[in-house]
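The values are calculated or read from the model by the stated rules, or taken from the named source; none is laboratory data. The model shown is predicted, which means the values in this text are computed figures rather than measured ones. Here the Cβ is made from the backbone with ideal geometry for all residues, glycine too, and neighbour counts use every protein chain on show. Heavy atoms of the whole protein, side chains included, go into the accessibility calculation; ligands, DNA and RNA do not. Shrake-Rupley method; radii C 1.70, N 1.55, O 1.52, S 1.80 Å.
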Amino acid sequence: MIHILTGTYAVFRPGEGRDPAPAELDLGCGKGRFTLDLAARYPDRRVLGADVMIGRLRKVARKAENRGLGNLELLRADNLDLVAFQLPPASVRRAHLLCPDPWPKERHRDKRLVNTDFLCRLRRVLVPGGVLHLATDHDPYFADWQRLLAALPFFVRDDSAIADVADLQTDFELLWLKQGKTVPHMAFRYQPEA
Ligand SMILES: C[S@@+](CC[C@H](N)C(=O)[O-])C[C@H]1O[C@@H](n2cnc3c(N)ncnc32)[C@H](O)[C@@H]1O
């Protein structure tokens, strides 16, 4: 099922009336390989796949139906709106941001999702101890993340927090790996008291 959240200001409640457990959130799930595999691996976890492109989400929805994945909900939403106000506070156990658009040109730099504002807003939806999982093939963006996160004491690096999904790949990651590129991952735990 695809929930259309673009242009709405209401709070979306994942699995309303069913399981209130914090979700795994894939921000910019694209064609959905990672999201689908995550939902299939952990049928007892609620997985949210978010993207702005409805065509991609429709394809992911069809694949989810074919695989009988009842624990996956798809959101047509803007990543920033989701973390800023569309998801309930402390509703996410792990946020995955994998191969987001790197906007490599200097004049497009302000289009990048990951900046201090986004990281601070993300705290609202993460549970204490929740995880931010990042990956990119774009070295300057990766270095930028390291610099930004090093300055935020409430995010503590902990790559062990993604060990259970280390073998799952996204569609873009697969593409880059086939081209001989590397796609480093890293993870940070949200520690509100830090
Ligand atoms: C480079 S693709 C990566 C897709 C997937 N994570 C992967 O690794 O295969 C980036 C995805 O983010 C989506 N996207 C871009 N900006 C977004 C935004 N502001 N909110 C939600 N999704 C966005 C795009 O539509 C696209 O599907």
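How many of the residues making up region 6-56 are closer than 11 Å to LEU74 by Cβ, in contact (Cβ under 8 Å) with a residue 60 or more places away in the chain and part of a strand (DSSP E or B)?
1
Restricting to region 53-65, what's the tally of residues that are open to solvent by 20 Å² or more (accessible area, probe 1.4 Å) and within 13 Å of the ligand (Cβ to nearest atom)?
6
If you check every pair at least six apart or on different chains, which have Cβ atoms under 7 Å apart with a residue in region 158-172 that is in contact (Cβ under 8 Å) with a residue 40 or more places away in the chain and among the aromatic types (Phe, Trp, Tyr) first and a residue that is within 14 Å of the ligand (Cβ to nearest atom) and open to solvent by less than 20 Å² (accessible area, probe 1.4 Å) second?
Taking only residues 6 or more apart or on different chains, the pairs are PHE172/GLY30.
Name the single residue, out of those in region 19-43 being loosely packed, with under 14 Cβ neighbours inside 10 Å and modelled with pLDDT of 95 or more, that is nearest to VAL165 (Cα to Cα).
So the residue we want is ARG41.
Among what's in region 169-194 and is under 18 Å from the mean Cα position of the chain (by Cα) and farther than 20 Å from HIS138 by Cβ, pick the residue that is surrounded by the fewest Cβ atoms within 10 Å (Cβ to Cβ). Don't jump to the end; show me each part of the working.
Kept after step one, since they are under 18 Å from the mean Cα position of the chain (by Cα), are these residues of region 169-194: 169-174, 183-190.
Still in the list and also farther than 20 Å from HIS138 by Cβ: 189-190.
Details: ARG189: 19, TYR190: 23.
Of everything passing the filter in region 169-194, ARG189 is surrounded by the fewest Cβ atoms within 10 Å (Cβ to Cβ).
Would you point out which residue out of ALA50, ALA23 is among the aliphatic types (A, V, I, L, M), within 12 Å of the ligand (Cβ to nearest atom) and under 13 Å from the mean Cα position of the chain (by Cα)?
The match here is ALA50.
Does region 74-82 contain any residue that is more than 15 Å from the ligand (Cβ to nearest atom) and either of a type in the set (S, T, N, Q) or touching a Cys at 6+ places or on another chain (Cβ under 9 Å) (or both)?
Residues of region 74-82 more than 15 Å from the ligand (Cβ to nearest atom): none.
Within region 74-82 (the criterion being more than 15 Å from the ligand (Cβ to nearest atom) and either of a type in the set (S, T, N, Q) or touching a Cys at 6+ places or on another chain (Cβ under 9 Å) (or both)), the answer is no, since none of the residues qualifies.
Filter region 155-171 down to the residues that are within 16 Å of the ligand (Cβ to nearest atom) and in a helix (DSSP H, G or I), then identify the one that is nearest to TRP103 (Cα to Cα).
Checked region 155-171; the qualifying residue nearest to TRP103 (Cα to Cα) is ASP171.
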